Ligand SMILES: [Cu+2]
């Protein structure tokens, strides 16, 4: 191999190695189990991005290999200075750019907005929807259910044990979240859900779990030096078990003060805005 080929060759092998490694980890290792009714939509987008990027990367890599071999330096060949501004090059570049844009960006945009408008922003309504309010703080999840009156910010609100979210299986769950201190993000890989939680603002999303069990809630926004331990449990249980648990919590009648975490910088007790009137969504 001539000296001129060594560096691009090594670079190519390195890039190819990284790429194979990255894609093997998507194709070779299964995603976490999808326990939600809508998670497959997210997986579809990820798989599409992965496939189309492999195709483009393969095409670019093959072209580079072809050109470095075809036009390598060798006796009797003179390099040609080419500015690349001939009309045909300009058109070829625009066409290539459009191919990439329409096969990657436009498709992903289409898939995303189809799923957002059809499913993720299409919040469930009706009596069987379970509503939960969540206020994360450094470094725990405060979780609240409406009491028997079905209203939040009233005396009979039920505050769950810290970072423990119980939900019934096969039931739409609608969450409203607002952060106490800094930006956190509510992340449940098994549900394919990741939602930013911002101070002074209420964000909303919904999910429906189709399998019982205990699943990790993680904070996925770097929120301070205890970020790594900001974990919670999502406990999906039968409707009967959930009702039993909720009744037991109501019977304990723990005040929000008993539950509010004081693990970060002193929080000064339960903030006034913990437990808000449920925000109607348009
Ligand atoms: Cu956090």
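Quick note: the coordinates plus some simple rules give every number you see, no bench work behind them. In this text the structure is predicted, and so the values were computed from the model without any measurement. As a convention, Cβ positions derive from the backbone with ideal geometry for all residues, glycine included, and neighbour counts pool all protein chains shown.
Points to keep in mind about this one:
- Rh by Kirkwood over Cα pairs, then Stokes-Einstein D for the range 130-259 at 1.567 mPa s and 4 °C, µm²/s: 88 µm²/s
- Footprinting exposure proxy for 102, 186 (fewest neighbouring C-beta atoms within 10 Å first): 102, 186
- Residue with peak Gaussian network fluctuation, the chain [Cα springs, cutoff 10 Å], from 205, 180, 18: 18
- Size descriptors for the range 65-180: radius of gyration and Dmax over Cα atoms are 29.0, 90 Å.
- Only beta bridges with both residues in the chain are counted; by DSSP, about 70 percent of them are antiparallel.
- Placing pseudo-labels 7 Å out from each Cα toward the beta carbon at residue 154 and residue 19 gives an inter-label distance of 6.0 nm.
- As a proxy for reagent exposure, 133, 237 were ordered by neighbouring Cβ count within 10 angstrom, fewest first; the result is 237, 133.
- Relative contact order (%) - the range 87-211, alpha-carbon pairs under 8 angstrom, separation at least six: 22 percent
- Binning all Cα-Cα separations of the chain at 10 Å, short to long from zero, yields these whole-percent fractions: 6, 21, 25, 17, 12, 10, 6, 3, 0, 0.
- Take every Cα pair under 8 Å whose residues are at least 6 apart in sequence, average their separation, divide by the length of the chain, and the relative contact order is 19 percent.
- Neighbour counting of Cβ atoms within 10 Å sorts the residues 93, 203, fewest neighbours leading, into 93, 203.
- Based on the Kirkwood approach, the hydrodynamic radius assigned to the range 31-130 is 18.1 Å, with every pair of different Cα atoms included.
- The separation of the range 234-250 from the range 165-224, counted between C-alpha centres, amounts to 18 Å.
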